[in-house]
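J.: Handing you this structure, nothing more for now.
What follows is calculated from the coordinates using simple rules that are stated; it is not laboratory data. Since the structure is predicted, the reported quantities are computational estimates derived from the model, not experimental observations. No Cβ is skipped: glycine too gets one built from the backbone with ideal geometry, and neighbour counts run over all protein chains shown.
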Protein chains: 2
Amino acid sequence: MSIKVRKLKVNFKTLEEFKKFKEYGIQELSMLEDLEANIVEDDSDSPFYGIYFGDKLVARMSLYEVDSKSDRYFYPPQDYLELWKLEVLPDYQGKGFGKALVQFAQNFGLPIKTNPRVNSSEFWNKMGFTSVNYEVDRDRGENPLVWYPEGVKPQNH
Amino acid sequence: MSIKVRKLKVNFKTLEEFKKFKEYGIQELSMLEDLEANIVEDDSDSPFYGIYFGDKLVARMSLYEVDSKSDRYFYPPQDYLELWKLEVLPDYQGKGFGKALVQFAQNFGLPIKTNPRVNSSEFWNKMGFTSVNYEVDRDRGENPLVWYPEGVKPQNH
């Protein structure tokens, strides 16, 4: 089976599918309000990528490119990807959908930072992610994990 | 009963008590390593505040003062407090310990930002916290709640 990762469009169908995911919050509600108030157009690009099984959205993640000026994680300082809300619907777990999404992100060739949910460290380790050296003013209550492409190092060590 | 909030000291007793809390992660592990490697002194100040019941730590939170230069939440831009890891041990919930910690933070008179755990919105609403207008580059996967002292307004509206 070939797994295809697609950039998700902001429309009422996508936003209805988002409600099935556990990590549904202010980001999704804000997209819905913007669409209803015509602040964004139907089928605008969203920061989400997803995998469909048939016509059902079964996995998703959000990706955002952070500018090198704000980079406090990587050396040399550079543009990197922040990844969040990686989630696979319960009935579709263990089929490689999460792995496909992360590999899709890694294929951009940029370093990646994520703040994973608890109990997911085994998955992230398998995908090559490691812990950072904690800094209170940078990391606050987060447990950041990062992925370094070749030639990239931590900023603090 | 009078509830007393105390600034917590970094020592092996405190770090042992932290293990009972659900939100135990890289922050706590890093404090333990720093203490073991003599990078911090025994009984240094920590960013944590807590409430003892007898000699048992039963509630805690972490507080960090963010500099006005980094303020993207409040208008006029100003120093504010970031609050995280507010947690009361299960047997001690419903006794006002969480409320006492948040009121302690509010007494500094600075605006407060927090990124609460799911299903806690009723508590935060009661404490006067409200949602922000979501901005993807600022908030990413967070669901920030903020508290405005008198005269302080949101930065985006």
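J.: With the contact rule set at Cα under 8 Å and sequence spacing of 6 or more, what percent relative contact order holds for chain B?
T.: On the way: 234 pairs, mean separation 31.3, N = 157.
Reported relative contact order: 20 percent.
J.: Next question, about the same structure. Defining the label point at 7 Å along Cα→Cβ, can you sort the distances from A:Asp42 to the same site in each other copy, shortest first, in nm?
T.: Taking the point 7 Å beyond Cα along Cα→Cβ, the inter-copy spacings are 7.0 nm.
J.: Roughly what angle does helix B:97-106 make with the longest principal axis of chain B, taking Cα atoms, 0 to 90 degrees, to the nearest 10?
T.: Rounded to the nearest ten degrees, it is 60.
J.: For the protein assembly as shown, give the magnitude of the charge dipole about the Cα centre (Cβ charges: +1 Lys/Arg, -1 Asp/Glu; no others), in debye to the nearest 20.
T.: 820 debye
J.: Might you report the magnitude of the Cβ-based charge dipole of segment B:29-74 about its Cα centre, with Lys and Arg at +1 and Asp and Glu at -1, to the nearest 20 debye?
T.: 400 debye
J.: Let me ask you something else. Copy-to-copy spacing for A:Arg72, label 7 Å out on the Cα-to-C-beta vector, in nm, shortest first?
T.: Distances between equivalent label points, in nm: 1.1.
J.: Between A:Lys95 and A:Glu65, what FRET efficiency follows from the Cβ-Cβ distance if R0 is 25 Å, with the result rounded to 0.05?
T.: So the FRET efficiency works out to roughly 0.35.
J.: B:Val118 label points, 7 Å along Cα→Cβ, one per copy: pairwise distances from this copy to the rest in nm, shortest first?
T.: When each copy's label point is compared with this one, the spacings are 1.3 nm.
J.: Once the dipole of chain A is set up with Lys and Arg at +1 and Asp and Glu at -1 on Cβ about the Cα centre, which of A:Asn11, A:Gly98, A:Tyr134 lies farthest towards its positive end?
T.: A:Gly98
J.: Rule-of-thumb check for chain A: C-alpha Rg over 2.2 N^0.38 Å? Numbers along the way, then the final one.
T.: Details: Rg = 16.3 Å, N = 157, 2.2 N^0.38 = 15.0 Å.
So chain A has a normalised radius of gyration of 1.08.
J.: Here's another thing I want to ask about it. Dipole of chain A (Lys/Arg Cβ +1, Asp/Glu Cβ -1, origin at the Cα centre): which of A:Phe123, A:Asn107, A:Ser62 lies farthest to the positive side?
T.: The residue sitting most towards the positive pole is A:Phe123.
J.: If the reach is capped at under 25 angstrom between alpha carbons, list the lysines near A:Lys126, excluding any in the same chain fewer than eight residues apart.
T.: Straight-line reach from A:Lys126, under 25 Å: A:Lys4, A:Lys7, A:Lys22, A:Lys85, A:Lys95, A:Lys99, A:Lys113, A:Lys153, B:Lys22.
J.: While we're on this one: Using DSSP to define loop residues, name the chymotrypsin sites (Phe, Trp or Tyr not before Pro) in segment A:75-157 whose beta-carbon has at most 14 other beta-carbon atoms within 10 Å.
T.: A:Phe108
J.: Hey, another quick one. Measure nothing but the geometry: give the 0 to 90° angle between the long axis through the Cα atoms of B:26-36 and the longest principal axis through the Cα atoms of chain B, rounded to 10°.
T.: 40 degrees
J.: Let me ask another. Before rounding to the nearest 500, sum -39500 (n - 2.57) across all DSSP H runs of length at least 4 in chain A and divide by the residue total; then give [θ] at 222 nm in deg cm²/dmol.
T.: -6500 deg cm²/dmol
J.: I've got another one for you. Per the Debye formula with a single identical scatterer at each Cα and no solvent contribution, what log10 I(q)/I(0) holds for the protein assembly as shown at q = 0.08, 0.14 Å⁻¹?
T.: Cα-only, vacuum Debye calculation for the protein assembly as shown: -0.41, -1.25.
J.: To the nearest 20 debye, what is the magnitude of the charge dipole of chain A about its Cα centre, counting +1 on the Cβ of each Lys and Arg and -1 on the Cβ of each Asp and Glu?
T.: 700 debye
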